[in-house]
Structures are given as C-alpha cells and as structure tokens.
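Input: a single structure, listed below in structure tokens.
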C-alpha cells in the first residue's frame, strides 16, 4: 500500500470523532458517579504545528500526528481513552481518578513525551504541547462542559507561552467566560455605535505649541463601561474583526481631520495606531487610496503608528509595504519605542519618520534614574537618524521639565492635555488658534 494511503488507513483507526468522545465520556461519568471517583479530561494542542505542515509538508505533519497518538497511548492505562478530535488536538480521558494528585503522574508522563525529538523520514523535528485539564465533577458534569472547561485551560496555557499545562480553576473560568462574552459583543460594537474616537494633542515641548494629534480608538460597552484597548484590540485581531474596525476608524479619522482642515485648522498632522494584521491584508493600500479620494484628505497629513513587535515576523513583506505606503506621503511612526525588539538595522532600512518613547520610561522620570538614561539615549538616537521624537505619557510638570531640558522635541500626555472627543477638540483648536493669533 502506498505511504499516503497507509496514513489515511491508519487515521481511520485512530481518529475518534466528537460523537465517540461524548459516548466514552458519558459512560465514564456514569461509572464515576456510581463509585464516587473523579474523571480527568485532558485537551492537548500541539504548539506551532502549522509550521510543520508549512515547512515539511502535510504528509510529514500526518506522520507526526500518528507518532504523537502512539506516544500518548503509551502513557495511559487500559481504562483510559484517547481521541484525536480536530486537527492537532487530542483528548485523553483518565478514568478511576481518586484525586487530582493521582492524575499528576499521567499528566507529567504526557508532557514529558513531547521532550523527545520526532524522526520524520530522516528529518529531526521538535514540537511542544499545551494542555488543559478539567476534572469531573468540579469542572463539569457532562462531556460538553468538561471539554469547554479544558479548552479554557488550554487557551490559558498557550497565553503563558505554551509548553505547559493548566488545571481548571474558577479564576480561569471567570476570565474566559468574560473573554467569550466580549468577543461576541465586539462583533456588534461597530453597528451599535459603541466604538468611538478621542483625540489627544501632540505639542512642541519647548513652546507648548500644538503640532499634531493622535486619534485613539475606544470602546464603551453599555453595561461594562470603558474596555481597555489592550483587551479589545487583541480580541479583534484574534477573531478577524480588526480590518473592518480599523478601516472604519481610519475613515472616521480622515473625515474628521478634513473638516478641521476645511475650517482653517490645518497646521497639524493626525496619527493613528494600526495593527500589523491590517497591513497583512493585500487590499490595505487600495483601501487607503480610496479613502483619501473619498475624503479629500491629503495623504501627507496622516501618520500611521505601529509597535515594534509588528516587524518581528515577515520583515521583508513589511519593509516592502511600508515603502509603498511612504511613497504616498503617509508618515510612519514607531509607537511604544524601547519596549520591543527593534534593531538599528531595521530602523535604518524602514521609512520611519518618527519614534514615540513609551510612557513607561517617561512616567515620574528623574534625572538620576535608569529611565533617564534610556530616554536620553532614545532622543539622541532619533535625532541622529533624522527622525522626530515624541514622548508619551507626560503626567507631571517634572516629566515635562526633564524632557524639555534634555531636548525632546515633542510630547503628549494628561499634563499637557487629556484626550478630547471631536466636539471638544474643535473647541480646543479654535481656542488654540485665537491664542496663537494674538501673539
């Protein structure tokens, strides 16, 4: 039999579907209930399995899954159950568990089996696993509830970097129940007009003259209230909503900016932080061109901000797309600079116009602090590379005085001006224009 057909035949024997899992779990739960013992359900997901398929091919990926199944089976007793339920996910049911402590031996054996290299037709491969552990009856009284609890724990294990296991707790349940609720609510946030923008001025620090502003995306949920951008942006990236939300925000920013420019407030640029996921969309540049055409917003008045981590993968792609964007006149700013993994070579090769010093370095800065050394180095670096430098998070008079005395060109923060809604910003611009004109 040809190798590929052999693999298909073998998978027919090991690939238990969810119905078979549900049936086995129901029988074990009935037995556990009768004899007053526990059941452990382990959900195991291979970390970065897609890279095996991408680099070695699906045939080698299938061989790795077969080997994984064999390794898992070798860790179990005869009354345990194993199933591959989806892609690179396996479920193990541990029967006759007297306490979670007694299941630790099997769990550790399973985690240890991934420390051994795989031999895939002479190619050595290594892969780790993340595992979620849920016990009957504490984490659920039926198969579906146990699987859902184990899935929460497995997601938590992955969020901690993978290659570990996490057991069900009420804390994990609350976290992922809320996350699931927010993921669903975010799908309708745009049409319910729960998303909105605020605008924070950016000043020339030496003169406190406004030279720009940053548009900030916010979400106010009707019952929860304001939700941190760190929370909902990640959710939007994970569930594929970031493109539609980002496009709406950019369209709104440009439409509002054009209104201000038409009213004579045209001495500033406006910046907006975009997700690297948006840049990965092949249609992004076309969207930008259509948006400028529909809003009549000059491209050179817009700055796009990206964090350093956006360039860690697909470096050549981002270099190419950012150069195309830069040619339209749009400026590129690195946000939260100093917190990621930027290299000088990357900065040299990318069309970057400005660096933003992360607020964690600026907050309560003192002249003799380690933060002061970092900030001064970043200011010098930006100037040497002929880039603008903007300090974020200026909260006190002392913060401002330090930055001014050390030659930081621009900055923003609550001490200078808090974020304003569009109506408030319009009033601020009018007042700022009158003040400037009276000098």
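What to note about this one:
- Angle between the chain longest axis and helix 422-437 axis [Cα atoms, degrees, rounded to 10]: 30 degrees
- Under 17 Å from a label point set 7 Å out along the Cα-to-Cβ vector of residue 433, the amide N atoms of segment 261-294 belong to 261-270.
- 0 to 90° range, to nearest 10: angle between helix 284-295 axis and the chain longest Cα axis: 40 degrees
- Three-way shape label, segment 20-103, alpha-carbon gyration tensor, a/c 1.5: prolate
- A simple spin-label model places pseudo-atoms 7 Å from Cα toward Cβ; at residue 171 and residue 248 they are separated by 3.4 nm.
- Alpha-carbon centroid distance for the pair segment 226-278 / segment 193-211, whole angstrom: 14 Å
- In the set (i) 82, 55, 42; (ii) 89, 84, 45; (iii) 87, 51, 49, the label that goes with Cα extents along the principal axes in Å computed for this structure is (iii).
- Relative to the longest principal axis of the Cα atoms of the chain, the long axis of helix 370-384 makes an angle of roughly 60 degrees.
Taken together, the values in this text are just the output of simple stated rules run on the coordinates, not laboratory data. Owing to the predicted nature of the structure, the values given are computational and were not obtained by experimental measurement. Note that each Cβ is placed from the backbone with ideal geometry, even for glycine, and that neighbours are counted across all protein chains shown.
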